[in-house]
């Protein structure tokens, strides 16, 4: 998808379909913009007939008989004083859905000056491209809708356009990559295939890559991670990608849970646990690798970014982890496994220990970790756990700018008693109440207290059962844009 900006007036634009964002309580200045295309009296009449007032998510399509432009899709943005960047995304997505499959070229006319123009253009461009993505890889006879190939921002300043256009496609390609990883069936996206995808990223974008096989992980003492992998005939792959600029002033580690399929092990998933959906239990690794794809192309200054995935399956065979087993993580701590379906935290434990050895300035992990988080926050808001206020503020701001919901949750230290074991250092699950909190407290046991760390539970947000805003039904790619925003801000502050 090609993005560009044109400084022409609307009536001079050469396309046929225009999407226009309209503020509530439409003023004369806004209407003036369309006078050359539609008589003001007719426009007001149509607005009144359809009760179109510019309220959020309202839409109105008007056909034009004369002139170059044949159709204008008006989308409401709400009141100017309440306008958020995410409102632009939603409006652009609503407009895009009206033309998807029919048009190759779009003109976009939004109130760019309501925000920093480049941020507004990035938000709108993201929405158009991400709404348009079609994943037809596994169709025997793909019937692809007409793709939008060209998008022109009308009235956008050239400087802002240049900044925005440089980022839109790299960001969206990272989200697309993450979505495709999550959507891929588990007989296709195995741990080895995930490692192959990492190898391709390393080759295409000159990233450093280290892949630890089973023997390497044994040498590292990764007993928790390897215990989960024992139940599968497929070998585990511990993936470490690194982006490193010439000058490094800051170093961070991103860790993604990488269960390419989670049966639950001997605590087999049944009923409402939706075993058939458990291909998306690697949503955290998809977000991390999607961010790697974007960061490698954007090339931020002064910040080294390490991307880590402990990939494996959680399956059942004669060697599989038993309920009641005791395993030892790479920091020496022993864990009584009272539930084999709480396997993600076992793999993350060894990944966190590995990350701490890199001596970063911060660590962030993303994982589809607990159903309890979904119960608490639903499917549009991820849970955030951290003891570091600065890191919390940074990630919350980065998520807000991306339009990705996130909410800081408590790290209630007294709940740690729920994961104590009488025969080992820890047990891998606590009581039902506060289950997402005890999961975060478990992970905390494997992080050096001197390193700022945050855990983000994306169990609800990595998948959607319906078309939602800029996300078609299925994998959302949640987390990529938040992580990229965070890294960009860290890079900017390091200059």
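The values are calculated or read from the model by the stated rules, or taken from the named source; none is laboratory data. It should be emphasised that the depicted structure is a prediction, and the values quoted were computed from it without experimental measurement. Ideal geometry is used to build each Cβ from the backbone, glycine not excepted, and the neighbour counts take in all protein chains shown.
Worth pointing out:
- Test: residue in region 428-443 that is free of Cβ contacts under 8 Å to residues at least 40 places away in the same chain and in contact with a strand residue (DSSP E or B) (Cβ under 9 Å, 6 or more places away or on another chain): yes
- Enumeration of residues in region 345-389 that are over 17 Å from residue 258 (Cα atoms) and in a loop (DSSP other than H, G, I, E, B): 358, 359, 360, 361, 378, 379, 380, 387, 388
- Within region 215-241, considering residues that are part of a helix (DSSP H, G or I) and touching a helix residue (DSSP H, G or I) at 6+ places or on another chain (Cβ under 7 Å), the one farthest from residue 262 (Cα to Cα): 218
- Just one residue in the set 260, 294 is in contact with a strand residue (DSSP E or B) (Cβ under 6 Å, 6 or more places away or on another chain) and farther than 27 Å from residue 448 by Cα; that residue is 260.
- Within region 333-344, the residues that satisfy the criterion of being in a strand (DSSP E or B) and either free of Cβ contacts under 8 Å to residues at least 60 places away in the same chain or surrounded by 18 or more Cβ atoms within 10 Å (Cβ to Cβ) (or both) are 335, 336.
- Selection count, region 461-478, where residues are touching a strand residue (DSSP E or B) at 6+ places or on another chain (Cβ under 8 Å), in a loop (DSSP other than H, G, I, E, B) and buried (at least 24 other Cβ atoms within 10 Å of the Cβ): 5
- Yes/no for residue 104 being at pLDDT below 95, more than 25 Å from the chain's Cα centre (by Cα), assigned by TED's automatic domain parsing to the domain that holds residue 6 and under 19 Å from residue 13 (Cα atoms): yes
- Annotation note: Cβ proximity below 9 Å between a residue of region 53-66 that is on the phi > 0 side of the Ramachandran plot and a residue that is in a loop (DSSP other than H, G, I, E, B) and at pLDDT 90 or above (sequence gap 6+ or interchain) occurs for 54/79.
- Going through (1) under 20 Å from residue 92 (Cα atoms); (2) assigned to a helix (DSSP H, G or I) one by one, residue 199 falls short only on (1).
- Qualifying residue in region 38-52 (condition: free of Cβ contacts under 8 Å to residues at least 24 places away in the same chain and under 23 Å from residue 470 (Cα atoms)): no
- Scanning region 413-439 for residues that are within 21 Å of residue 378 (Cβ to Cβ) and either within 27 Å of the chain's Cα centre (by Cα) or not assigned by TED's automatic domain parsing to the domain that holds residue 453 (or both) yields 434, 435, 436, 437, 438, 439.
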